[in-house]
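The values are calculated or read from the model by the stated rules, or taken from the named source; none is laboratory data. Given the structure is predicted, the values throughout are model-derived calculations rather than measurements. Cβ sites come from the backbone with ideal geometry, for glycine too, and all protein chains shown count toward neighbours.
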Amino acid sequence: MGGGNAQKSKMAREKNLEKAKAAGKGSQLEANKKAMSIQCKVCMQTFICTTSEVKCREHAEAKHPKADVYACFPHLKNYKTTFIIPKKVGIVPWRALSERLPTRVALAVRGIDITDTRCLFCGDYEETCDHLFVSCQFTQLVWSIISQWSRAPPTIAFSLKDILDAGILVNGSKKKKMVYNSITQVVIWCVWRMRNEVVFGQTTPSITRVVEESKSMAYHWIKNRSGSSHWSWNEWRSFSIIM
């Protein structure tokens, strides 16, 4: 009559896949546009956000031999100081900028059968990178606590790029910018790790755990990789370090 459960499930999966593909056409175009976030300030040519410093320098030397590389790509002055964190940490925010992390929406767009694309933290909105790391209530509380602890200036963020830019545009020394930018990237990595533990380990989301892990891991990486071995854990916890 109406078909068995297996047939109904198959029809439901095919219907969800068609919806995901239809939504994905526009989403992918928007993601590709957002990904082109690096721009040569001389000729205005745009590049994908994962473009390396080497490629930027090659462009500057080939196209603008009389111009300084930093005149072409001012961001190199800031981002080149962030390599004190492990690559496995730094790659997460840069993949997130172009929606290349396997969020629920991204998986559905790729044709993977995802019955529910809502955020695993709040359950209210679709799980995209911008939602997961910026607008989700769970993550907003994490950012609020981290900002109060680190005495970071207030930031109004509408996208992940706004959050990353805030870390390098803070007033102060080069080392201070490096510390704030590194903390930002570590927090993003810890949020993503918590999300994966919820997916694969059935863990209950914990704001406190994300905050404490972010502080702890950022402390060890920044202290040992930036020539700040004299910083104590108590100084870091109260953020009374000298930069």
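Brief remarks on what is shown
- Number of the condition not met by residue 83 [criteria: (1) part of a helix (DSSP H, G or I); (2) modelled with pLDDT under 85]: (1)
- Index of the failed condition, residue 233 passing every other in (1) under 20 Å from residue 85 (Cβ atoms); (2) surrounded by 14 or more Cβ atoms within 10 Å (Cβ to Cβ); (3) among the hydrophobic types (A, V, I, L, M, F, W, C): (2)
- The conditions of being assigned to a helix (DSSP H, G or I) and either over 26 Å from residue 193 (Cα atoms) or modelled with pLDDT under 70 (or both) are met by residue 34.
- Taking first residues from segment 97-108 that are closer than 16 Å to residue 200 by Cβ and partners that are among the hydrophobic types (A, V, I, L, M, F, W, C) and in a loop (DSSP other than H, G, I, E, B), the Cβ contacts under 6 Å between residues at least 6 apart in sequence or on separate chains come to 104/114; 107/114.
- Matching helices (runs of 4 or more DSSP H) fully within segment 129-221 where at least 3 residues are under 12 Å from the mean Cα position of the chain (by Cα) and surrounded by 15 or more Cβ atoms within 10 Å (Cβ to Cβ): 160-168, 174-201
- Scanning segment 222-236 for residues that are in a helix (DSSP H, G or I) and either among the β-branched types (Val, Ile, Thr) or without any contact (Cβ under 8 Å) to a residue 60 or more places away in the chain (or both) yields 222, 223, 224, 233, 234, 235, 236.
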